[in-house]
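Taking it in order: structure first as structure tokens, then the write-up.
The values are calculated or read from the model by the stated rules, or taken from the named source; none is laboratory data. Note that the coordinates shown come from a computational prediction; the quantities given were computed from them, not determined experimentally. Note that each Cβ is placed from the backbone with ideal geometry, even for glycine, and that neighbours are counted across all protein chains shown. Surface areas here come from the heavy atoms of the whole protein model, side chains and all, with no ligands, DNA or RNA. Shrake-Rupley method; radii C 1.70, N 1.55, O 1.52, S 1.80 Å.
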Amino acid sequence: MTATSAQAFLADAFAMELGMFRAGLDAVPAEAFATPLLGHSPAWHALHIAEWLRFFALQDFSATYAHLGWEDAPWMPELRGTPPVTEQAGKAAVLAELDRVGAQIVAHTRALGDEQLGDLLRAPAAPTGQRERLTGLGMQLRHVAYHRGQLQMGKKHG
């Protein structure tokens, strides 16, 4: 598989996986969107994915975060804060943020040059260490699928 086909594959996979995740979120009634199901609300899952994609895949270290799941970690204080969208903003606002970041990650992945796929990604002071961009994008793709499953489990048992 060439780098160009790997990029296209990943971009298409992100578009598809985020679309399936979005469809699962769409099925949650607006009045239940911020209600925890098995620990977290559907709104939290959506914002968690949007924040992880911004932080780890897009390397946006200028924003503040509240849904990474590591908010109490010692390396988070300088990044912790009120994100652009919170769980209480309502279903439409949360989904708009997920859609915005999803479009960015798909465009970003398509625009990568061949040489960039091997570049190292690193979150500042995060315990995740460095990894090649291709590996990191693959991990983020699986992360979306994991939370899509968490959402489905919550809907069944909530």
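Quick look at the values:
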item: Candidates Ala107, Ala92, filtered to the one that is open to solvent by 40 Å² or more (accessible area, probe 1.4 Å), of a type in the set (A, V, I, L, M, F, W, C) and more than 19 Å from His40 (Cα to Cα); result: Ala107
item: Selection from segment 63-81 of residues that are under 17 Å from His45 (Cα atoms), in a loop (DSSP other than H, G, I, E, B) and open to solvent by less than 20 Å² (accessible area, probe 1.4 Å); result: His67, Leu68
item: Test: residue in segment 41-58 that is open to solvent by 10 Å² or more (accessible area, probe 1.4 Å), in contact with a Pro (Cβ under 8 Å, 6 or more places away or on another chain) and modelled with pLDDT of 85 or more; result: yes
